[in-house]
1. If you place +1 on the Cβ of every Lys and Arg, -1 on the Cβ of every Asp and Glu, and leave all else neutral, what size is the dipole of the chain about its Cα centre, to the nearest 20 Debye?
2. Excluding residues on the same chain fewer than 8 positions from Lys190, give the lysines whose Cα lies under 28 Å from its Cα.
3. Of the listed peptides 219-232, 15-28, what is their order by residue-averaged count of other C-beta atoms within 10 Å, with the highest listed first?
4. Of the residues Leu121, Leu167, Leu134, which exhibits the maximal mean-square fluctuation in a Gaussian network model of the chain defined by a 10 Å Cα contact cut-off?
5. On a 0 to 90° scale, report how tilted helix 166-191 is relative to the longest principal axis of the chain, with both axes built from alpha carbons and the result rounded to the nearest 10.
6. By how many degrees, 0 to 90 and rounded to 10, does the Cα axis of helix 110-123 deviate from the longest principal axis of the chain?
7. Given an 8 Å cut-off on Cα distances and at least 6 residues of separation, report the relative contact order of segment 30-99 as a percent.
8. Sorted from largest down, give the three principal axis spans of the alpha carbons of segment 30-99, whole angstrom values.
Amino acid sequence: ISSTGLVEFYVSSVVSFACPIDVRKFPFDRQKCELNIVSYNFLSTELRVMAGIFKNYNGSNAGNGEWSVDGLTAEVSSMMSTAADYNFDVATFTFHLRRSSIFYVILIIIPSFVLTFLCVLGLFWSKFDHRDYLEKLGLGFAAILAMCMVLEIAEGSVPKTRQLPSLSIYIMVNLLLITLAISIVVMASKSCGLKAFESLNANKWLRHFGIKLSTKFRFMCLVLFPLGSVVNLFVLLTNV
């Protein structure tokens, strides 16, 4: 208590509060959490609320291994009661949080991209032939099992909300690319294999046209499927 009538009373407390999280850009998401402090015992004409932050406050030390604090703002607004024309001062502290994504990039995103890229590249690298399609089928199934393990790791890290995170969409698209590539290789090896064209009761021109068409289709898949995995990664990274 000072001689001017100023009364200061310092109280420190630890407050836990929940705030909604938007995980659509997970793991590159940024969150904004608001903490509202209001006293319903005094009107705004009786109690003037002031909010501020210490100048030497270092918000970078307030984070943990998963989150970092990008900024902290404080402001005072007026709130009107719905029961009567009563105004109350509300102090709002806004925390701007950013998720540390290095863990998810190294353990989930990069392995998923490398696995998908090499798998679809290996499936279409050699010609369509019924004699080796079982080996390609085994390669595809092994890649699917590995992708399921990556998806399980991501499932344990992603918050359980109604929104579908971009990381889950990224993994599911990679899984779809591998599944579609396996289906094309199996069907093409059975129906468009070189041995099938050679056994056709047709002229040489028709056999040559079928072999050439099969080769062009394989080269097209060899370019489009790896390119699809690159585009999928690019979409995920540009969604930051």
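1. Using Cβ point charges on Lys, Arg, Asp and Glu, the chain gives about 1740 debye.
2. Lys127, Lys136, Lys204, Lys212, Lys216
3. For the peptides 219-232, 15-28, the packing ranking is 219-232, 15-28.
4. Judging by the Gaussian network model, the answer is Leu134.
5. Rounded to the nearest ten degrees, it is 10.
6. That helix lies at roughly 10 degrees to the long axis.
7. Details: 128 pairs, mean separation 33.2, N = 70.
That works out to 47 percent.
8. Dimensions of segment 30-99 along the principal axes of its Cα atoms: 46, 25, 14 Å.
No lab work stands behind these numbers, since they all come straight from the coordinates. The structure displayed is predicted, hence computed values, not measured ones. Every residue, glycine as well, gets a Cβ built from its backbone with ideal geometry; the counts of neighbours run over all protein chains shown.
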